[in-house]
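Enquirer: First the structure, then my questions, so here it is.
The values are calculated or read from the model by the stated rules, or taken from the named source; none is laboratory data. Quick caveat, the model's predicted, so the values are computed rather than measured. So basically every Cβ, Gly included, is an ideal-geometry build from the backbone, and we count neighbours across all protein chains shown. For accessibility, only protein heavy atoms count, side chains too; no ligands or nucleic acids. Shrake-Rupley method; radii C 1.70, N 1.55, O 1.52, S 1.80 Å.
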Amino acid sequence: MKGSREAGTVLLDMLVSLPVLVFLLAAMGAMVVMVFRAAFFLIADSELHQEVQMAMRQVAAEARISYRVRSQRHNGRPSIIFYQYCSPDESLTGTFQVQYWVHRVNKVDKLVWRDATWPLTGNNSLAGVDITEFSCTELAPRLQEIRLTGRSKVTGHSYTLAVAVYGPERSD
């Protein structure tokens, strides 16, 4: 008699525990997806910061050694030209210019120098960085403010760096 009363207990336990188990597995799967998504967004934002910082470091270094800085448009996009002496000894004779501008390649605005084959930003396929602002403003004689803003194509977050740089004194 005892066995006949407990005959449906296993079936009842399974009917109650199976939906709970499915719910727990679905919740764990959703948490794993959310963790991977958050990690991917974190990587994309760190790539945005790194690309903007590295590009700004190079542009600011050019500005520090340039005797003249000119902001202009290159094919309708922002551009900065740095005029430099070949060496301190040739300050009266030898000069050259270095140009940085925003160039559109495959729907991504990249900061490039020399020519379009030398991009400083936007080369990471995992986290695309779109340059939305690149400008140079003269704050005082020899003092330039350079501003660079990038936007992550993955997260939509923007990151702006602005640096004020003193250039060398003109010898002309």
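Enquirer: Starting from residues that are open to solvent by 70 Å² or more (accessible area, probe 1.4 Å) and of a type in the set (D, E, K, R), keep the ones in region 134-159 and report whichever is nearest to the chain's Cα centre (by Cα). Show your work before the answer.
Expert: Here is the first cut: in region 134-159, the residues open to solvent by 70 Å² or more (accessible area, probe 1.4 Å) are 138-139, 141-142, 147, 151, 153, 157-158.
Within this subset, residues satisfying the condition of being of a type in the set (D, E, K, R) are 138, 142, 147, 151, 153.
On the way: GLU138: 25, ARG142: 28, ARG147: 14, ARG151: 6, LYS153: 9 Å.
Per the criteria, the residue is ARG151.
Enquirer: Still on this structure, I have one more. Among the residues of region 118-172, which ones are in contact with a Pro (Cβ under 8 Å, 6 or more places away or on another chain) and closer than 12 Å to ALA44 by Cβ? Reasoning before the result, please.
Expert: Within region 118-172, the subset in contact with a Pro (Cβ under 8 Å, 6 or more places away or on another chain) is 133-135, 142.
Passing the criteria: none in range.
Enquirer: Against the condition out of contact with any Ser or Thr (no Cβ under 8 Å at 6 or more places or on another chain), outside any helix (DSSP H, G or I), more than 29 Å from LYS153 (Cα to Cα) and not hydrophobic (A, V, I, L, M, F, W, C), how does SER17 come out, does it pass? Explain how you work it out, then say what you get.
Expert: On the way: out of contact with any Ser or Thr (no Cβ under 8 Å at 6 or more places or on another chain): yes; outside any helix (DSSP H, G or I): no; more than 29 Å from LYS153 (Cα to Cα): yes; not hydrophobic (A, V, I, L, M, F, W, C): yes.
Against the criterion (out of contact with any Ser or Thr (no Cβ under 8 Å at 6 or more places or on another chain), outside any helix (DSSP H, G or I), more than 29 Å from LYS153 (Cα to Cα) and not hydrophobic (A, V, I, L, M, F, W, C)), SER17 does not qualify.
Enquirer: Right, something else. Looking at region 33-130, what strands (runs of 3 or more DSSP E) fall wholly within it and have at least 2 residues that are open to solvent by 80 Å² or more (accessible area, probe 1.4 Å)? Step through it out loud before you land on a result.
Expert: Working: elements: 68-74, 77-85, 95-105, 108-113, 115-119.
In region 33-130, 68-74, 95-105, 115-119 are the strands (runs of 3 or more DSSP E) which contain 2 or more residues that are open to solvent by 80 Å² or more (accessible area, probe 1.4 Å).
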